[in-house]
1. List the pairs whose first member sits in region 36-59 and is closer than 13 Å to ASN18 by Cα, whose second member is of a type outside the set (A, V, I, L, M, F, W, C) and in a helix (DSSP H, G or I), and whose Cβ atoms are under 8 Å apart, counting only residues at least 6 apart or on separate chains?
2. Name the single residue that is surrounded by the most Cβ atoms within 10 Å (Cβ to Cβ) among those in region 1-38 being within 15 Å of the chain's Cα centre (by Cα) and either among the β-branched types (Val, Ile, Thr) or not in a helix (DSSP H, G or I) (or both).
3. Could you check how many residues of region 39-72 are open to solvent by less than 80 Å² (accessible area, probe 1.4 Å), closer than 20 Å to LEU7 by Cβ and under 12 Å from the mean Cα position of the chain (by Cα)?
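The values are calculated or read from the model by the stated rules, or taken from the named source; none is laboratory data. None of the values given here were measured: they were computed from a predicted structure. Please note: Cβ atoms are built from the backbone with ideal geometry, for glycine as well, and neighbour counts cover all protein chains shown. Accessible surface areas use protein heavy atoms only, side chains included; no ligands, DNA or RNA. Shrake-Rupley method; radii C 1.70, N 1.55, O 1.52, S 1.80 Å.
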Amino acid sequence: MPDPNPLSEYMRVVRTLNLYKLQLLAIESKLRKGGTPARKSLLEQRHGDISAEMEALRAEGDDWLDKLRRVR
C-alpha cells in the first residue's frame with residue numbers, strides 16, 4: 001500500500017477537528033442551559049473525552065504538517 005498523501009491526511013485532521021469544535025460548542029451551550037446533575041455529569045464527561053481526542057488529533061495533524069513541509 002502506498003504512503004498516504006500528507007496534504008489529504010492533514011486536511012482530514014483539520015475537518016475532524018472542526019467537527020469536534022462544533023460538538024464542544026453544542027455541549028457547552030447545553031451545560032449553560034442547566035439540567036439535572038446526572039445530565040450535566042454526562043455532558044462534562046463527553047466534553048472531556050472530545051477534548052482528549054482533539055489533543056491526540058492535533059498531534060497527528062502536526063506530524064502530517066511536518067511531513068508536508070518536508071515534501072514541498
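1. So the pair list comes out as ILE50/TYR20; ILE50/GLN23; GLU53/TYR20; MET54/TYR20; MET54/LYS21; LEU57/THR16; LEU57/TYR20.
2. Looking at the filtered set, the residue picked out is VAL13.
3. Quick first cut of region 39-72, residues open to solvent by less than 80 Å² (accessible area, probe 1.4 Å) only: 40-41, 43, 47-54, 56-57, 59-61, 64-66, 68.
Next, from what is left, pick out any that are closer than 20 Å to LEU7 by Cβ: 57, 59-61, 64-66, 68.
From what is left, the residues that are under 12 Å from the mean Cα position of the chain (by Cα) are 57, 59-61.
Final tally of qualifying residues: 4.
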